1. How about segment 93-108: which of its residues are among the hydrophobic types (A, V, I, L, M, F, W, C), assigned to a strand (DSSP E or B) and open to solvent by less than 60 Å² (accessible area, probe 1.4 Å)?
2. Please verify whether I41 is farther than 17 Å from G13 by Cα, in contact with a helix residue (DSSP H, G or I) (Cβ under 7 Å, 6 or more places away or on another chain) and not acidic (D, E), treating the condition exactly as stated.
3. Which residue is most open to solvent (accessible area, probe 1.4 Å), if the candidates are limited to segment 35-46 and must be of a type outside the set (A, V, I, L, M) and closer than 16 Å to D98 by Cβ?
4. With the condition kept exactly as written, say whether any residue in segment 81-88 is part of a strand (DSSP E or B), in contact (Cβ under 8 Å) with a residue 60 or more places away in the chain and under 18 Å from G22 (Cβ atoms).
Amino acid sequence: AGASGSPILFDVGQGVLEDVAGKRAVFNIVARAREGAETQISVDCTLGELGDCGRKRYVVGAARDEYLFEIDLPARQPGSGGTIAINPDVEGGGKAIDIYAIRVLPAG
């Protein structure tokens, strides 16, 4: 994790966005809080010409778990790759998380 309050950015390739353009997409983040200390995270995405995912918030515990959200994406070319930004410590307590996977798949 970066400095408290700083988001960590993960790239989403243009090819991934092309695969889900015009569909309902499921985002799956697999994570856990470090040192057994529960933390609240926020997730934001910028998905090229497909828009964004809005801000999501989750409470992440010590056990490895999945944090899901679905969004409808417009049927157009993304024009570029995108990013997923995760702030691992919304409350500013210096907590960290482990990210095991981030998946983007068509729903259904």
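The values are calculated or read from the model by the stated rules, or taken from the named source; none is laboratory data. Predicted, not measured: the structure shown is a model, and the values here were computed from it. Please note: Cβ atoms are built from the backbone with ideal geometry, for glycine as well, and neighbour counts cover all protein chains shown. The area values use the complete protein model at the heavy-atom level, side chains included, leaving out ligands, DNA and RNA. Shrake-Rupley method; radii C 1.70, N 1.55, O 1.52, S 1.80 Å.
1. Selection gives I97, I99, A101, I102, V104.
2. no
3. If we take residues in segment 35-46 being of a type outside the set (A, V, I, L, M) and closer than 16 Å to D98 by Cβ, then E35 is most open to solvent (accessible area, probe 1.4 Å).
4. Yes, that holds for at least one residue.
For (1) open to solvent by 40 Å² or more (accessible area, probe 1.4 Å); (2) more than 16 Å from D11 (Cβ to Cβ), each residue gets a yes or a no:
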residue	(1), (2)
G48	no, no
D52	yes, no
R57	yes, yes
E66	yes, yes
D72	yes, yes
N87	no, yes
E91	yes, yes
